Amino acid sequence: GDFAGNLGGGKTFFGLDAVADVYIGFEYGITNNLQVMIGRSTVGQIGETQLKYAILHQTNDDSSPLGITLLAGEGIRPYGNFASFGDRMSYIGEAIFSRKFSSAFSLEVLPIYVQDNQPIPNVAGNEQGFFSLSGAARLKVTKHMSLIADYEHPFSNFRTGVNGFEDPIGFGAEFETGGHVFTLNVTNAKGVSQVNSLSNSVYSYGRGQFRLGFTISRMFDFSPKKEDKKW
């Protein structure tokens, strides 16, 4: 929930009593280049599936200076009132251009297209589909700790400041503990899902409408281990 402002402060323990979104996701790497993902978000009760494919990897000799990955996904809102089943669906497609400039600094730029078959929010004048441009940066401070930042801007005639919309902006830090990666961040977006954050972000840092976020990631290896023979 909001850290400050009318809905924040001590009465909600600075937003911790009013959880905005919980997202649980599972990603599986079929190959080194192909990954599938399923996830579910509290906001809109949206369930998502995504397919991610790396078409180009950055190389150490800079013969390939960029990494390029394509992502396609769909989301469905199984609950709520919709005129048809198709209106429950949202789609997202993006290209992820990434470059590691040094051992400490990495940058990503992501052109994105979002399609909501029923506009979010569903009000007159809102588009079903729109483009967005996002960026994310990571600065490694120590061997196990990095600073991160991200920004998203929808190119939409409806999602403007005049209509009360704000661009999602986040700042944070991630900590590697060997098996887990913990991320702490501050953001004005309520939705973890990109479909939600890009479609309907109306919260402002200036009004105290920013919140603490926490993510924990764990990697599992399902490949069989080869045991060394003992003689």
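Remark: the stretch 113-122, residue by residue, has Karplus-estimated 3J(HN,Hα) of 10, 10, 10, 10, 4, 10, x, 10, x, 8 Hz, where x stands for each Gly or Pro and the curve is 6.51 cos²θ - 1.76 cosθ + 1.60 at θ = phi - 60°. Comparing Asp62, Asp21, Asp150 in a Gaussian network model of the chain, where Cα atoms under 10 Å apart are tied by springs, the biggest mean-square fluctuation is seen for Asp62.
Electrostatic bookkeeping for Phe165 treats Lys and Arg as +1 and Asp and Glu as -1; over the other residues with beta carbon under 14 Å from its beta carbon, the sum is -1. Hydrodynamic analysis of the stretch 1-126 uses the Kirkwood radius over alpha carbon pairs. Inserted into Stokes-Einstein at 37 °C and 0.692 mPa s, it gives a translational diffusion coefficient of 186 µm²/s. Once both labels are positioned 7 Å from their Cα atoms along Cα-to-Cβ, the gap between His144 and His57 label points is 2.7 nm. If R0 is taken as 22 Å, the Cβ-Cβ distance between Thr183 and Val109 corresponds to a FRET efficiency of 0.60.
Of the chymotrypsin sites (Phe, Trp or Tyr not before Pro) in the stretch 66-99, the ones in a loop by DSSP (not H, G, I, E or B) with at most 10 other beta carbons within 10 Å are Tyr79, Phe85.
Determine the sum of side-chain charges near Glu127: Lys and Arg each +1, Asp and Glu each -1, restricted to other residues whose C-beta is under 10 angstrom from that of Glu127.
Values: positive: Arg159; negative: Asp116.
My count for the surroundings of Glu127 gives 0.
Accessible area per residue was computed with a 1.4 Å probe on protein heavy atoms; Ile112 scores about 0 Å². For the residues Ser134, Ser63, Ser84, a GNM of the chain with alpha-carbon springs under 10 Å puts the largest fluctuation on Ser63. Computed over the chain with a Gaussian network model linking Cα atoms closer than 10 Å, the most mobile of Gly161, Gly178, Gly125 is Gly178. Sites listed here are trypsin sites (Lys or Arg not before Pro) in the stretch 84-177 whose DSSP assignment is loop and whose Cβ has at most 13 other Cβ atoms within 10 Å: Lys143. Across all Cα pairs in the chain, the calculated P(r) in 5 Å bins from zero up to the longest distance comes to 1, 6, 11, 15, 19, 18, 13, 8, 5, 2, 1, 1, 0, 0, 0, 0 percent per bin. Taking Cβ atoms as reference points and 11 Å as the exclusive limit, the residues near Gly47 contribute a net charge of +1, counting Lys and Arg as +1 and Asp and Glu as -1.
The values are calculated or read from the model by the stated rules, or taken from the named source; none is laboratory data. Fair warning: this is a prediction, and the values are worked out from it, not measured in the lab. As a convention, Cβ positions derive from the backbone with ideal geometry for all residues, glycine included, and neighbour counts pool all protein chains shown. Areas reflect the complete protein model, heavy atoms only, side chains present, ligands, DNA and RNA absent. Shrake-Rupley method; radii C 1.70, N 1.55, O 1.52, S 1.80 Å.
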